[in-house]
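Okay, structure first, notes after.
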Amino acid sequence: MNDTERLQRHIRTTIQKAVQETAEHLQSKAVEEAPKDKGTLKLSSPPVVARWEGHTCRATISFNTPYAAYQHEGVSRFSGRALQYNLTRNPSAKPKFLERNARLWGPKYRKLIVARVRAALAGTQ
């Protein structure tokens, strides 16, 4: 392996670790704000794994219950009306618990990933 290949591998590894870290943080924030009755929705979010797809590193965050999308959108699965979250069980419950946090934290995540790549590049000189 030549120096260029080693550098590419180092940068890809750095990016993947940063994407993994930020995705896990986003997942934890979404879980905090997800409505909780019995905890089924919270427990339905599988572990996040950052993967390379071509030249793009991705991590998928999901909630795997039949009603997860309805809860996320804040509408009743049965009536289509706005949901009233049980705030006594989870005072921080909000609709758009994943999307809202992605928008809120996204710019910070991008800065963190860029900073990690810069640090990795600086360490190779």
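Read-outs throughout are calculated quantities, based only on the coordinates presented, and are distinct from any laboratory measurement. Nothing here was measured: the structure is a model prediction, and the numbers come from that model. Glycine gets a Cβ as well: all are built from the backbone with ideal geometry, and neighbour counts include every protein chain shown.
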Inset, instruction - Quickly estimate the mean residue ellipticity at 222 nm for the chain, helices only: each DSSP H run with n ≥ 4 gives -39500 (n - 2.57), and the total goes over all residues, rounded to 500. - result: -17500 deg cm²/dmol
Inset, instruction - Mind checking which lysines have their Cα closer than 19 Å to the Cα of Lys36? Skip sequence neighbours fewer than 8 apart in that chain. - result: Lys94, Lys96
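With +1 assigned to the C-beta of every Lys and Arg and -1 to the C-beta of every Asp and Glu, and no other charges, what is the dipole magnitude of the chain about the Cα centre in debye, to the nearest 20?
Numbers: 22 positive and 10 negative charges, 47 e Å.
My answer is approximately 220 debye.
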Inset, instruction - Using only Cα atoms, find the angle between the long axis of helix 3-33 and the longest principal axis of the chain, and express it within 0 to 90 degrees, rounded to the nearest 10. - result: 20
Inset, instruction - Rounded to the nearest 10 degrees, what's the angle between the helix 99-122 long axis and the longest principal axis of the chain, both from Cα atoms, 0 to 90? - result: 10
Inset, instruction - Give me the percent of Cα-Cα pairs in the stretch 3-122 that sit more than 23 Å apart, rounded to a whole number. - result: 40
Legend entry - Gained length - Ser92 relative to Val114, 0.36 nm times residue gap less alpha-carbon distance: 4.8 nm
Inset, instruction - Could you work out how far apart the two model spin labels at Ser28 and Glu99 are, taking each label as a point 7 Å from the Cα in the direction of the beta carbon, and quote it in nm? - result: 2.6
Inset, instruction - Note the full-extension length gain between Leu43 and Met1 as 0.36 nm times their separation in residues minus their Cα-Cα distance, in nm to one decimal. - result: 10.8 nm
